[in-house]
Structures are given as structure tokens and as C-alpha cells.
Amino acid sequence: MIQLENSVTHALLESAEKSVLFTARRPDIVMERGEGMYLWDTDGKSYLDFVGGWAVANLGHSPAVLQEALSRQASTLVHASPGYFNKPMIEFAGQLTGVSGMDKVFFASSGAEANESAIKLARKHGAVNLSGAYEIIALRNGFHGRTLATMSATGKPHWKELFAPKVDGFTHVPINDLDACFAAVTNNTCAIMLELIQGEGGVHAVDEAYLYGLRKMCDMYGMLLIFDEVQTGMGRTGKLFAYEHYGIKPDVLTLGKGIGGGFPLAAMLTLGKYDLFEPGDQGGTYSGQPLAMAAGSAVLQELLQRDLAGNAERQGSYLVKKLKELSGQYPITNVRGKGLLLAFDVPEGASTELSAICLREGLLINSPGPSTIRLVPPLIVTQQHIDDMLLILRRAFVQLQSF
């Protein structure tokens, strides 16, 4: 049986080599199914998932509520075209604006699309209200997506020349440096765009005083303040939205990843006074399509009913405590983050090897940098799951130290 399963995996990997465009280095495993906190590959091996599909699987893998919502909606209406309202769109829009404190929403299929929409809205605001201003200030080491415009907004140094020429009009400043941001403002600046916690950048949060300063700056000059909560939104940080930690409200809020629980869905929300698009300015074939709306509504209701944001806060605090205890035995430093968006540092260059060892041991973790490990498990994680993860992490550190 094992040989048969291995031959199936081998055949699948050979097929992938022939037909799947290379964009990432992936391990020689093929994921086949998932349930709750676990994934299984085609060899039947299980993996405790502390990556969560890159902060996507907030409800865990293949949650029943998502299965039921999609099945129910698929039996009624799958797609009606973006040229018409549909009932799930209207219902979910009301639910989402109701909990977010925003007034209007545009639906998309990915976080990059949501951020692209925010960029367009900021430039529309600049054209209509700021004498043609179009420049956007963003943060170094931020991440906003992989379209050309969102790559231009992203502050990754090694992306600077990739796919040049980029979209013009973006200035990058250091995180938590209010003076640098103030100095970057010109008559052409229409918005400031940032993540409240830089996920891909290594899990670094903005300071409250800094964010307060940005809010005052935007109010002073009439610029939009855009919060990219694609990764931090929908309960990830211990509150439904990360901006609630600061008590500072944005003009534009973008969501993605966990909003669909695994179904492709994203959203850009804004205040009513910035409802500025004219017909033809913005759209998308799958914007507000019924299946995505049903998925989003089911995920949001489950998050609220089960208080999964509260669970993220409780379990995140427990995990931080245990990681700090572990740092007395193993080379773990700078444990940081909020809720279940956490990271810690290891010796320079060790993070990739540590992740690979954990994979062999049946644990999925992420290394966004050569010395950083990121943990973004589903929000359904329990203390027992965390204890199991820490046990595997201990074994991995022992193996790492033996090389």
C-alpha cells in the first residue's frame, strides 16, 4: 500500500513538473485533504498546520459551515454577472459594513485586487478633491500584493527593479518614523497606505502614537488613510479588525485571506463620503458573486458566534508565554505579534532549515525571512494543539543544533 501511495505521489509530482508553471520552490509532497487543524498528503501523512494557508483558513480546513453554505448557494445561484445585484451580495455587504464601522464595500477575489481598488479610490479622491494629487506613501518592508500597482506599493527592496518599469507614484518610508512620513508629504500626496502589522515583512507592528500621528496628518491635508488588513483582519490579531487595538479608524480598509475561509474573496471598504467611483471606473467579473458572498457570510457569522477573535487572543497569549519559556533552552529571540499573528527570530540563516525539519516531523510553519519564523494557525487552535506544536518544535531544534 505504501509503495502504491508513493507511486501516486511520484506520478503527481512528475505531472506538476510538466504542466505547472514554476513560481515557487515547493517540497516534494502533494496535499490531498484537510480537516480542522490538520492537512494530509497523498502518502497519508498528517501535518499540524500553523501556517493556515497563509492566514486564510481561519475556521480550519474544510469547515462544515463553509461546506454547507457553498452547497446551499450552489443549488440556487452560482453567478449572475456583476451587472446585477444579487441577494447574498446585499446581505453580506450589510453584515460587513455593520461590524467594520465602514459604510460602503467593493468585493473582489484577492487581497491584491482589494488593495488595487484602494489605490484607485485614493487616486480618484486626489483627482476629485485634491487638485489631481496621485502619490501614495507606503512603508518599507510592507506587502500589498502581486499586481504591478500593489508590487509598486510594496516596500520590498529586492522587488524594486522586478518587472520594471513599475507603476509610478509611490514613496516608501520606515515604519514608526513619523518625521520621515511627514517629510515625504507633497502637494501630490493623496493617501498613506500601510499594514498595522507587517506580516510578510516579519510581523512588525506600528506604534499607537505613530498611527495617531498619521491619522492627524491625513486629516490635516485631506489625504486618505488606508489600512491593509488583508492578513490582520477577520479576528487574526485577537480583535475582529486590528485597528480596534489602536482605536484609530481608517478612511479605507482592505480585507482578504481569512474573510472567505479558503474561498477566494476580498473586500475594500470605505466611508460614505468617499463613494466616488463613476460607472466604468471600477469593476470585476467576479465582484460580489453569490458563492463568494455566501462563503463570506458564513465565515463572519461563525467568527462572531464562536468568538474566534477572543480565542485568538487567549491562545496567542499562551503561545507567546510558552515560546518565551522555550527561549531559555533554544535559540529563540524577539517573540512578537498580536493574537495568532506571531513570529520569533532564530540564528541568521537557520529559519529555512528549521521549517524543513518541522515539515519532516509533521508541522507546518513559515519562514518569511532568513532569521524569522512566522506562526499563523487557524483561529480554532486549542492549547493542546499548541502543546503538540511546541513538542515538535523542540525536536526540530535538537536536530538543527546537531548539524
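So the values come out like this:
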{"read-out": "Qualifying residues in region 80-99 (those that are in a helix (DSSP H, G or I) and hydrophobic (A, V, I, L, M, F, W, C)) - the one surrounded by the fewest Cβ atoms within 10 Å (Cβ to Cβ)", "value": "90"}
{"read-out": "Restricting region 67-101 to residues that are modelled with pLDDT of 95 or more and among the hydroxyl-bearing types (Ser, Thr, Tyr), the residue that is nearest to residue 57 (Cα to Cα)", "value": "71"}
{"read-out": "Check on residue 70, assigned by TED's automatic domain parsing to the domain that holds residue 392 and in contact (Cβ under 8 Å) with a residue 12 or more places away in the chain", "value": "no"}
{"read-out": "Any hit, region 249-259, residues being part of a helix (DSSP H, G or I), under 22 Å from residue 380 (Cβ atoms), touching an Asp or Glu at 6+ places or on another chain (Cβ under 7 Å) and among the hydrophobic types (A, V, I, L, M, F, W, C)", "value": "no"}
{"read-out": "Qualifying positions in region 357-379 - surrounded by fewer than 22 Cβ atoms within 10 Å (Cβ to Cβ) and out of contact with any Ser or Thr (no Cβ under 9 Å at 6 or more places or on another chain)", "value": "357, 359, 360, 361"}
{"read-out": "Qualifying positions in region 83-138 - within 25 Å of residue 300 (Cα to Cα) and β-branched (Val, Ile, Thr)", "value": "90, 97, 99, 105"}
{"read-out": "Of all residues in region 336-371 being in a loop (DSSP other than H, G, I, E, B) and touching a residue at least 24 places away in the same chain (Cβ under 8 Å), the one that is nearest to residue 50 (Cα to Cα)", "value": "365"}
{"read-out": "Which numbered condition residue 154 misses (of (1) of a type in the set (Val, Ile, Thr); (2) touching a Phe, Trp or Tyr at 6+ places or on another chain (Cβ under 6 Å); (3) touching a residue at least 60 places away in the same chain (Cβ under 8 Å))", "value": "(3)"}
{"read-out": "Criterion violated by residue 116 - all others in (1) out of contact with any strand residue (DSSP E or B) (no Cβ under 6 Å at 6 or more places or on another chain); (2) buried (at least 21 other Cβ atoms within 10 Å of the Cβ); (3) more than 30 Å from residue 24 (Cα to Cα) satisfied", "value": "(3)"}
{"read-out": "Entirely in region 130-230, the strands (runs of 3 or more DSSP E) that have 3 or more residues that are hydrophobic (A, V, I, L, M, F, W, C)", "value": "135-139, 189-194, 224-228"}
{"read-out": "Pairs where the first residue, in region 309-324, is at positive phi and the second is surrounded by 19 or more Cβ atoms within 10 Å (Cβ to Cβ) and at pLDDT 95 or above, C-beta under 9 Å, 6+ apart", "value": "none"}
{"read-out": "Residue within region 288-303 that is surrounded by 18 or more Cβ atoms within 10 Å (Cβ to Cβ) and either in a strand (DSSP E or B) or aromatic (Phe, Trp, Tyr) (or both) present", "value": "no"}
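The values are calculated or read from the model by the stated rules, or taken from the named source; none is laboratory data. As the structure is a computational prediction, the values presented were derived from the model and not from experiment. Cβ sites come from the backbone with ideal geometry, for glycine too, and all protein chains shown count toward neighbours.
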